[in-house]
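Data block below; observations after.
The values are calculated or read from the model by the stated rules, or taken from the named source; none is laboratory data. Predicted model, so just to flag it, every value in this text is computed and none were measured. Glycine also receives a Cβ, built like all others from the backbone with ideal geometry; neighbour counts cover every protein chain displayed.
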Amino acid sequence: MTEMKAKVEEAAESLRPYIRDEQPVGLVLGTGLGTLVEAMEHYVAVPYGDIPHHPVCTAPGHQGRMLLGEWAGRFVIALDGRFHLYEGYTPKTISFPIRVLRTLGTKMVVISNAAGGLNPDFKAGDLMVIADHINLTGQNPLVGANQDDWGVRFPDMTEPYSKNLLELAEKTALSEAIKLHKGVYAGVLGPSLETAAETRFLKMAGADAVGMSTIMEVITAVHAGMDVLAISAITNVNLPDCYRPAEIEDIIRTAALSGPTLSRLLEKVIKQCPLTG
């Protein structure tokens with residue numbers, strides 16, 4: 001057993017007393033989106049610092065705790081706060097919570113994030129379901145020796161985001177009268193925000209939104225054989241020919257305003273999605 005696997009097993013073992021006899025749904029909450037957990041019932045909140053070997057949050061807008069309880073009629077393990085390369089964490093460290101979720105039996109993970117819009121049709125406060133991504137971080141959590149019982153050496157990435165879950169999200173948004181875009185997410189290193197020239201480049205590359213998270217977690221989840229649904233809360237729109245500064249306080253505030261709508265959408269999706277065996 002590798003050192004990484006041993007640490008994941010120890011972290012998962014510390015959480016097993018809170019695990020129910022049913023398959024959990026994983027939920028990763030992005031910047032300013034922690035209000036999504038307010039509707040959870042009968043939950044236990046475990047600070048990241050109390051979980052062996054688990055990283056702790058340093059980014060604003062992230063609570064840094066794991067909540068295990070009921071939401072949308074399902075047993076959910078919610079990561080209220082995530083980790084970023086710009087904080088100095090390695091890709092493998094960022095992948096750690098996803099490995100813990102999988103070890104605890106999670107086969108479906110729903111990921112949310114706050115992202116800057118690149119598509120001129122987007123507005124601040126809109127939601128975008130991620131259909132594909134572009135990894136521009138220069139990093140990958142699978143670099144190094146492969147843990148064969150976790151996943152194959154060269155995982156296929158032709159469909160990193162579950163087509164079935166994406167279609168379910170779109171149908172649910174339509175029935176709930178929720179505006180939901182579909183697009184490509186570009187993941188960058190950060191923490192500096194994009195220049196006007198970088199924004200033009202990202203748009204030419206085919207990206208509809210840009211952010212500093214999600215990619216490491218998705219690659220890890222795909223490697224682990226998990227179904228992934230990811231939705232971005234668009235906090236601002238980057239128009240390179242009419243460029244305006246984006247303050248982090250405004251980004252967090254706009255993401256929080258998107259929280260109730262995103263929560264309603266995800267609750268309906270999770271209620272409908274079948275759990276795999």
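Listed values, structure above:
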read-out: Yes/no for T199 being modelled with pLDDT under 95, touching a Pro at 6+ places or on another chain (Cβ under 6 Å) and β-branched (V, I, T); value: yes
read-out: Pairs where the first residue, in the stretch 196-216, is in contact (Cβ under 8 Å) with a residue 24 or more places away in the chain and the second is assigned to a helix (DSSP H, G or I) and buried (at least 18 other Cβ atoms within 10 Å of the Cβ), C-beta under 8 Å, 6+ apart; value: V210/T199; V210/L202; M212/L85; M216/L85; M216/P91; M216/I94; M216/S95
read-out: Scan of the stretch 196-221 for residues that are surrounded by fewer than 21 Cβ atoms within 10 Å (Cβ to Cβ) and either touching a strand residue (DSSP E or B) at 6+ places or on another chain (Cβ under 7 Å) or of a type in the set (D, E, K, R) (or both), ordered by number; value: E198, R200, K203, A205, G206
read-out: Matching residues in the stretch 147-172 - criterion: being within 18 Å of L265 (Cβ to Cβ) and assigned to a loop (DSSP other than H, G, I, E, B); value: Y161, S162
read-out: Qualifying residue in the stretch 40-48 (condition: touching a Lys or Arg at 6+ places or on another chain (Cβ under 6 Å) and either more than 27 Å from L165 (Cβ to Cβ) or modelled with pLDDT under 85 (or both)); value: yes
read-out: Members of the stretch 78-97 that are among the aliphatic types (A, V, I, L, M) and in contact with a helix residue (DSSP H, G or I) (Cβ under 6 Å, 6 or more places away or on another chain); value: A78, L79, I94
read-out: Residues of the stretch 222-256 satisfying the condition of being at pLDDT below 75 and either assigned to a helix (DSSP H, G or I) or surrounded by 15 or more Cβ atoms within 10 Å (Cβ to Cβ) (or both); value: P240, A246, I248, E249, D250, I251, I252, R253, T254, A255, A256
read-out: Residues of the stretch 197-234 that turn out to be more than 21 Å from E87 (Cα to Cα) and among the β-branched types (V, I, T), as a count; value: 5
read-out: G183 over 21 Å from L29 (Cβ atoms) and touching a residue at least 40 places away in the same chain (Cβ under 8 Å); value: no
read-out: Single unsatisfied condition, A12 versus (1) surrounded by fewer than 16 Cβ atoms within 10 Å (Cβ to Cβ); (2) hydrophobic (A, V, I, L, M, F, W, C); (3) at pLDDT 90 or above; value: (1)
read-out: Considering residues of the stretch 158-174 that are in contact (Cβ under 8 Å) with a residue 40 or more places away in the chain and out of contact with any Asp or Glu (no Cβ under 9 Å at 6 or more places or on another chain) only, the residue surrounded by the most Cβ atoms within 10 Å (Cβ to Cβ); value: A169
read-out: Residue ID - nearest to P120 (Cα to Cα), chosen from residues in the stretch 180-195 that are surrounded by 13 or more Cβ atoms within 10 Å (Cβ to Cβ) and modelled with pLDDT under 95; value: E194
